[in-house]
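Report on the structure given below.
The values are calculated or read from the model by the stated rules, or taken from the named source; none is laboratory data. Owing to the predicted nature of the structure, the values given are computational and were not obtained by experimental measurement. Neighbour counts run over all protein chains shown; Cβ positions are idealised from the backbone, glycine included. To get the accessible areas, we keep the full protein, side chains included, count just its heavy atoms, and leave off ligands, DNA and RNA. Shrake-Rupley method; radii C 1.70, N 1.55, O 1.52, S 1.80 Å.
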Amino acid sequence: MTDSAVGESLAEVKDLGLARGGRVLFESLSFAIRAGELWQLEGGNGAGKTSLLRILAGLSRYGFDGLVSRAEVPLYVGHQAAVKGLFSARENLSWHVSGGCVFADEQIEQALQRVGLCGFEDTPSHALSAGQHRRVNLARLFLSEARLWLLDEPFTAIDAAGVSELQERIGGHVARGGAVVVTSHQPLHVDHTVHHLSLDGARIS
Amino acid sequence: MSSRIGAAQKGLYNLTVMWTFFHKLGSPPWLYGIAGAIVRWLLPLTILALLVGAAWGLLFTSPDFRQGNSYRIIYIHVPSAVVALAGYYVMAIAGAVSLIWRMKMADVAMKAAAPVGAALTFIALFTGALWGKPTWGTWWEWDARITSMLILLFLYLGVVALYEAFDNKEAAGRACAILSLVGMVNIPIIYKSVDWWYSLHQPASIKFSGESAIDSSMLYPLLLMIGAFYALFTCCLLMNMRAELLQRESRTAWVRRLVKPDGPR
Amino acid sequence: MLLRRQLSLAIRRPIEIGNPLVFFAIVVALFPLGIGPASEQLAMIAPGAIWIIALLSSLLTSDSVFRSDFDDGSLEQLLLAPQPLYLSVLAYLCAHWVVTGLLLALVSPVFALMLNLPAEAVGTLMVSLALGTAVLSLVGGIGAALTVGLKRGGMLISLLILPLYIPVLIFGTAAVQAAVSGAPVGPFLALLGAMLSLAIALGPLATAAGLRISIDA
């Protein structure tokens, strides 16, 4: 894991404004996500959490006002698992479209173990459940070297034990100088300051 | 020290810069006003030029010594064909501007140009068929120029169809911009290949009168008509743009003020 | 890497590879049924017919190049990946070409014989198909990228890219016809090669831009 100076800005947003269908979701939003920070985006359904995360990731490039800059390519985990049913869990990770084949086999094995998929490494993914698909995708959190993580509802379809394991991982990443932005309706149980960004009226606290 | 290296890396990786400046360059209310002003002046001029050109061409020129009076359809056929082709380039250039500088107004112009261009292409094909019957004895001939125009019509229709297929109109505009740029690269290739294909298959029975120079008494009304069609295209484009602007900006304050001048702000 | 991924995806589902070939065979069988079994007549239309069928099967399959990746979210990850999108797109389209165009070119002699194409033109047919379908895959990728976000993209994609296929059709057919009549085929193949170079240079750029728009819509 990279040991970047705490406080270095990994992503910055200036004067961000977004309107969908003529309704203003948020406007003149400015903040910086620094290394060692944990952010939680909050807001009701349709408040623009996913949209904001996609803008941060660089998936949305149009249709909003303001300036977004990123220090590096972030790790983005979206609603969809990006898991191919025809591949096994191992192949899904080693041939993941976003990475290049940089991971050694034992790394992948370890990561799959950490997300509780021990014994499922070589099962074709179409035989896995939705929650297991998500776990395959979340195994990337144990592989990626990206410092900035953007996680969109990472706890959906994950059981209680998995959620606490994940929260631990998130906390660990932040402690090592990474930064995490999470959209979630669940409170985060980590021993780390959580910056809350509420999109219902766009307040930062 | 390490943070300095980090800063250098950050400079290298600084991925996205969002240009807000250009958004302001094409401000919708301003464009709406200026387009309205231009249309107000240009439209009467266009109608006048169309009437004069049509009357001149149809009534005051002598009939062609070979084709008689049927050639007079040239005063609609040629201008619409010329402007239809030019219209595609207007559309593609507007598309390029909207893609490169993220100018929303160029997007609007491109969207407005497509149906006008398609209509002109259709007129050119239709009048061509009408002209072909008395001249060549056939409604349709697989001739290089006719085939190219037909393909141009398909390209226009593709842009219109793609635009309509998207729910998100901004994405639709950008998708169409790419499509029209791809089409612009392809038009010369398509034209050349169709041209070549025709010269390979050309049946000997039909000859074009293209080589005979057009008489100046016919040329001037034709030029006037071409100019008038350009003006007509511009008018249609601007009026379409105004309509599109109103639709896109229908929830903004300036449109509301426009509709209800004394309404609540 | 991506090329390997796409190819092994295709091999895991062999029916997807088989479908275009079966489609090809069926349409070839339709021609004699519609036109009549006279062998001279078939030989005359054979170059055009085979090319049109190749064009249609490339068109029908190109819709699916990015579709499954769009549906399961892989496409988002691809756009965020550090490697240039141009190369990723090229790998995807290359895989598409290998399992449709190249395969069609390899089995085309069988269909050429079914349609009574003179034997001396078969080599040219294969080369022109291999070159031409690569252009078709690259151009089809643009249409696929622009329509991948749409629910009803299937019909639209034909309207968008069929006009762009025309030059390939013209010169592909011309090459085979030249071979039939004993004329030199080099110029036509060179023209197809030139189109391929242009398509490799510009096609993936447009496709990449199209994907970015589709993912954003």
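List of remarks:
- Surface accessible to a 1.4 Å probe, per residue, for the residues of chain C, Å²: 37 Å²
- Options B:F166, A:V24, C:P32, ranked by Cα towards positive dipole end of the protein assembly as shown, top entry (Cβ charges): A:V24
- If only the Cβ of Lys and Arg carry +1 and only the Cβ of Asp and Glu carry -1, the dipole of segment A:139-205 around its Cα centre is close to 240 debye.
- Residue-span extension gain [B:A243 to B:W30] - 0.36 nm each, minus C-alpha spacing: 75.3 nm
- Range in chain C, longest, excluding exposed trypsin sites (Lys or Arg not before Pro) [loop by DSSP; at most 14 other beta-carbon atoms within 10 Å]: C:1-150
- Buried surface between chains B and A: roughly 1400 Å² of accessible area, summed over both sides, computed with a 1.4 Å probe on protein heavy atoms only.
- Relative contact order, percent, segment C:51-202 [alpha-carbon distance under 8 Å, six or more residues apart]: 32 percent
- Modelled FRET efficiency - R0 51 Å, C:I11 with C:S181, Cβ distances, 0.05 increments: 0.80
- Using a cutoff of 8 angstrom between alpha carbon atoms and counting only pairs six or more residues apart, the relative contact order for segment A:49-205 works out to 24 percent.
- Averaged over B:182-189, number of beta-carbon atoms from partner chains that fall within 10 Å: 5
- Acute angle (nearest 10 degrees) that the helix C:39-62 long axis makes with the longest principal axis of chain C, alpha-carbon atoms: 0 degrees
- Annotation for A:S30 and A:A127: the two label points, set 7 Å from Cα along the Cα-Cβ direction, are 5.6 nm apart.
- Taking all protein chains together and rolling a 1.4 Å probe, A:E12 ends up with roughly 60 Å² accessible.
- Principal-axis tilt of helix C:85-97 within chain C, Cα atoms, nearest 10 degrees: 30 degrees
- For the protein assembly as shown, the carbon plus sulfur part of the accessible surface works out to 65%, probe radius 1.4 Å.
- Gap separating the Cα centres of segment A:46-97 and segment C:115-177, nearest whole Å: 33 Å
- Antiparallel DSSP beta bridges within the protein assembly as shown, percent to nearest 5: 50 percent
- The interface between chain C and chain A buries about 2500 Å² of solvent-accessible area in total (1.4 Å probe, ligands and nucleic acids excluded).
- With each label modelled as a point 7 angstrom along the Cα→C-beta vector, the B:I38-C:K151 pair spans 3.8 nm.
- A crude spin-label estimate for the pair A:L86 and C:F23, with each label 7 Å from Cα along the Cβ direction, gives 1.6 nm.
- Projecting the Cα atoms of B:F233, B:F154, B:M218 onto the charge dipole of segment B:31-237, computed from C-beta unit charges around the Cα centre, puts B:F233 farthest toward the positive end.
- Around the amide H of A:A11, modelled in the peptide plane, lie the amide H atoms of A:I33, A:A71, all under 5 Å away and 5 or more residues distant in sequence or on another chain.
- In this Cβ point-charge picture (+1 for Lys and Arg, -1 for Asp and Glu), segment C:2-216 has a dipole of about 220 debye about its Cα centre.
- Dipole magnitude for the protein assembly as shown: computed about the Cα centre from +1 point charges on Lys and Arg Cβ and -1 point charges on Asp and Glu Cβ, it is near 1540 debye.
- Angle between chain C longest axis and helix C:103-114 axis [Cα atoms, degrees, rounded to 10]: 20 degrees
- At a probe radius of 1.4 angstrom, the accessible area of segment B:31-237 per residue rounds to 46 square angstrom.
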